[in-house]
Amino acid sequence: WGADGHYIVCQIAQEQLNDAAADIVNELLPDYAKNNLSSLCSWADRVKFIYTWSSELHYIDVPDDSCSYNYSRDCKDSSGVQGRCASGAITNYTTQLLEYRNSSDNRQYNLTQALLFLAHIMGDIHQPLHVGHTSDRGGNTIDVHWYTKNTVLHHVWDSSIIDTAEADFYSSDVTGYIEALNQNITGNWANQTSKWRSCSGNMIACPNIYASESISAACEWAYKDVTNGSVLGDKYFNSRLPVVDLRLAQAGVRLAEILNRIFG
Ligand code: ADE
Ligand code: ZN
Ligand code: ZN
């Protein structure tokens, strides 16, 4: 996602933290974050260029002929190192944060980064094209027109659909969009949210489920009826916005649940 998508995910999560998790999140955040995770939710994108090792943790590439996700086949970086992908990163940072309970000594600095990576990558793994096909790099090499503007399919899903929704329905105010999503979470989606939160066994996070859902939405919605040069307008926007709404809400609810489980 772009900055707004990440902000939305973290803001939804922040509001659902239990008291224990909210306290520890506050403790881990720097003072300038003003006790709110959402202000630093895009930090991981800003450090991609300094921490070059981290850039491959934002996504997963699956083979072009597949619409499903397989951890051992797909979760590796370009040099083939197993676990270096978005779902592996979620498992890794969740494990690191659990250490907060075991030893709250001098690991403060690393745990702040672990929290910021976890919050960001939980957003990205829910963006359908962040679990996309290898040869088009998750839609990054598919040129499209968003209404009249030249862009790539990946950017349409990271930002354009969200920007257009904000402009059309919420007078370009991200807060209005967040309120609408929160209303759906407690309204239309209320009977689904416990399923979103649940993880088999007593696992803290289920990143393989989030990744599987994304590649299936990528095939069913993002790539569907799009080729190089496609013009995407109202028809695409109206049919895909509900998918973006759902993925942002699921990411926020699940991020809160994971932090509540770790710290609660
Ligand atoms: N780079 C390569 N594949 C990508 C993807 N699926 N999403 C974002 N960046 C990528
Ligand atoms: Zn992206
Ligand atoms: Zn990212």
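Just so it is clear, none of the values below were taken in a lab; they were calculated from the coordinates. Fair warning: this is a prediction, and the values are worked out from it, not measured in the lab. Positions of Cβ are generated from backbone atoms using ideal geometry, with glycine treated the same way; all protein chains shown enter the neighbour counts.
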Exercise for the section: Go through 135-145, 69-79 and give me the packing order, highest mean Cβ count within 10 Å leading. Expected result: 135-145, 69-79
Problem - Between helix 207-217 and the chain: long-axis angle, C-alpha atoms, 0 to 90°, nearest 10 - result: 10 degrees
Fill in the blank from the handout: Here the equivalent ellipsoid of segment 108-201, derived from its Cα gyration tensor, has semi-axes (largest first, whole Å) of 26, 22, 16
Fill in the blank from the handout: With a Förster distance of 30 angstrom and the Cβ-Cβ distance between residue 184 and residue 46, calculated FRET efficiency to the nearest 0.05 equals 0.50
Exercise for the section: Just subtract the alpha-carbon distance of residue 78 and residue 34 from 0.36 nm times their residue separation and send over the number in nm, one decimal. Expected result: 12.1 nm
Fill in the blank from the handout: Spelling it out for residue 144: with amide H atoms placed in the peptide plane at 1.01 Å from N, the residues 5 or more places away or on another chain with amide H under 5 Å from its amide H are 151, 152, 153, 229
Completion exercise
Taking R0 as 22 Å and r as the Cβ-Cβ distance between residue 202 and residue 101, the FRET efficiency 1/(1 + (r/R0)^6), rounded to the nearest 0.05, comes to 0.90
Handout entry: Count of Lys pairs (Cα-Cα under 22 Å; at least 8 positions apart or interchain) in the chain
Key = 4
Handout entry: Among 208, 188, 35, residue whose mean-square fluctuation peaks in a GNM of the chain (springs only between Cα atoms under 10 Å)
Key = 188
Problem - Tail beyond 29 Å, pair distance distribution of the chain (Cα, percent) - result: 28 percent
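Please give me, ordered by residue number, the chymotrypsin sites (Phe, Trp or Tyr not before Pro) of segment 124-179 that lie in loop per DSSP and have at most 15 other Cβ atoms within 10 Å. Numbers along the way, then the final one.
Details: sites: 146, 147, 157, 169, 170, 177; in loops: 147, 170.
Hits after loop and neighbour filter: 147, 170.
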Practice task
Have a look at 16, 192, 250 and tell me which one the Gaussian network model of the chain (Cα, springs below 10 Å) gives the largest fluctuation.
Solution key: 192
Exercise for the section: Work out the length of the dipole vector of segment 3-263 about its Cα centre, built from +1 on the beta-carbon of each Lys and Arg and -1 on the beta-carbon of each Asp and Glu, and round it to the nearest 20 debye. Expected result: 480 debye
Practice task
For the chain, set up a Gaussian network in which alpha carbons nearer than 10 Å are linked by springs, and say which option among 247, 101, 197 fluctuates the most.
Solution key: 101
Exercise for the section: Multiply the residue separation of residue 192 and residue 148 by 0.36 nm, subtract the distance between their alpha-carbon atoms, and state the gained length in nm to one decimal. Expected result: 12.1 nm
Completion exercise
Rg/Rh over Cα atoms for segment 1-130, Kirkwood Rh, comes to 0.98
Fill in the blank from the handout: 1/(1 + (r/R0)^6) with r = Cβ-Cβ of residue 55 and residue 234, R0 = 45 Å, i.e. FRET efficiency to nearest 0.05, evaluates to 0.85
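In deg cm²/dmol, rounded to 500, what helix-only [θ] at 222 nm does the chain give when every DSSP H run of at least 4 residues adds -39500 (n - 2.57) and the total is split over its residues?
-16000 deg cm²/dmol
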Handout entry: Computed label-point distance, nm, for sites residue 216 and residue 170 using a 7 Å Cα→Cβ extension
Key = 2.7 nm
Practice task
Quick one: which residues, 5+ away or cross-chain, put their amide H under 5 Å from the amide H of residue 60? H built at 1.01 Å from N.
Solution key: 86, 131, 132
